[in-house]
Every structure is written in C-alpha cells, then in structure tokens.
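Report on the following structure.
Just so it is clear, none of the values below were taken in a lab; they were calculated from the coordinates. Only a predicted model underlies this, so the values are computations on that prediction, with no experimental measurement involved. Using ideal geometry, Cβ is built from the backbone for each residue, glycine included, and neighbour counts are taken over all protein chains shown.
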Amino acid sequence: MAISEIGLLKLKSTASLDDPELREKLSQIKSNLEKFTGHDFHYLQQIEDPNYIYMLGQWQSLEQHYKELHSSTDWQEMVPIMQKHFDFQWMAHYDFALDNINVDTPVLGLARYVMSEGDRKNAEDSLDKARSSLKDSVGGWKVDGGRKSEEAVLLAPNEKLQEQQSIKDLKIGDATEQADIKHMRLIKNI
C-alpha cells in the first residue's frame, strides 16, 4: 500500500507565488516527483496564512523516498530551488493513500494530532470514528521513525469553511497533547 507525504513550506519574504519563474520551477519539481513515484503531487495554500504551502503526494514506501529519490540527480537539482524560495517547516509520511481525497475542493481541512508515545492504542478508535464522521476524509498514523510521540492526521474536504468546525471540535481520545488544525486550497496551474 502506498503511503502519503505531507510537507509544509513557508514562502520566504523574497518569494511570491505570483512570480511566473517560481511557478514554473514548482511545476517542474511536481512533474519530476510524479514521474519518479507514479503518483500525483499537489501544492495547496494555507487559508489562515497564505505564506504557507503544503505539498501532498504519495510514495510506494519510505525507502523509495529516502533512499531512491534522495540519491537521484533530480533531488540534487530540486533542493537548491526549494531552499531559495522556501523555509522548510515539517514533512511526514502517513499510513494512508491519497487516492480517494478530492484536493480540488473549495476547502481542505488538515488536522494533526500529537500524543504521548504509547497512547496510540487508546486513540485508534477515536480516530476511526472521526474519520467516518467526516465525509470523504482520509487519515492515519505517522510512519516515519525516530519519534518520541505518536502523530495522527486527518484530511477532510468540505464545500464551506464554516463546515470545517467539525474537524476543529475533534479530539482523538483523551491522549491528545496537541492539535493543529489548518485549512487550505489547491494552487491551480502548477
């Protein structure tokens, strides 16, 4: 089963998504990633702060991303471009596929939940209930190693921003230490 990747980038003060050159470079990077993985990749702009850009994509495995891509010449060319225009915030892989999520929706909600290591078992039922209560949502658990906490994420499309309140009200069990809820829109023509 494919795994999803969600990354967050922040535009540097010297960069703008209105810049045709930057948009072309992002398009090239997206195309390279899609060719490399065989899966779609998307850029989405955060509604709360438009300087934040999410990248959503899929991989066959962590190994495909870390070992195969990171040793490729495409990767060596992409990194300086990204570093010139963006500050890297975070990136993680999760145990669900993005095939069934509509990223081209007026609003896509992203909820990240962090809990103490070992509390995952207590929270799994709550995550399953939350996922089933949000129409057309996907979600799952972080699969990257080396963490001292557990992390779950939910992605849920909705037609209207105010309907996203359902995602704001969710708590994944009593174990949730931190919940970060943001909203985004697909950046078109990239």
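Quick one: length gained pulling SER31 to TYR66 fully straight, 0.36 nm per residue minus the C-alpha distance?
Extra length available between SER31 and TYR66 comes to 10.8 nm.
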Taking the dipole of the range 58-139 about the Cα centre (Lys, Arg +1; Asp, Glu -1; charges at Cβ), the one of LEU62, ALA97, LEU127 that reaches farthest to the positive side is LEU127
Take the range 3-94, compute every pairwise Cα distance, and split them into 10 Å bins from 0; I just need the percent in each bin.
16, 53, 28, 3
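For ASP40 and GLN76, what is the calculated FRET efficiency with R₀ set at 25 Å and r taken between the beta-carbons, to the nearest 0.05?
On the way: r = 23 Å, r/R0 = 0.93.
FRET efficiency, ASP40 to GLN76: 0.60.
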Whole-number Å³ per residue for the convex hull built on Cα positions in the chain:
119
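Mind putting a number on the dipole of the range 3-94 about its Cα centre? Charges go on the C-beta only, +1 for Lys and Arg and -1 for Asp and Glu, and I need it in Debye to the nearest 20.
120
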Prolate/oblate/rounded label for the range 43-85 (Cα gyration tensor, a/c 1.5):
oblate
Quick one: angle between helix 73-85 and the longest Cα principal axis of the chain, in degrees between 0 and 90, rounded to 10, please.
80
Given points 7 Å out from each Cα along the Cα-Cβ axis, report the LYS12 to ALA97 separation in nanometres with one decimal.
3.8
Nearest 10 degrees, 0 to 90: helix 120-133 Cα axis against the chain principal axis:
80
Helix-derived mean residue ellipticity, 222 nm - over the chain, DSSP H n ≥ 4, -39500 (n - 2.57), to 500
-8000 deg cm²/dmol
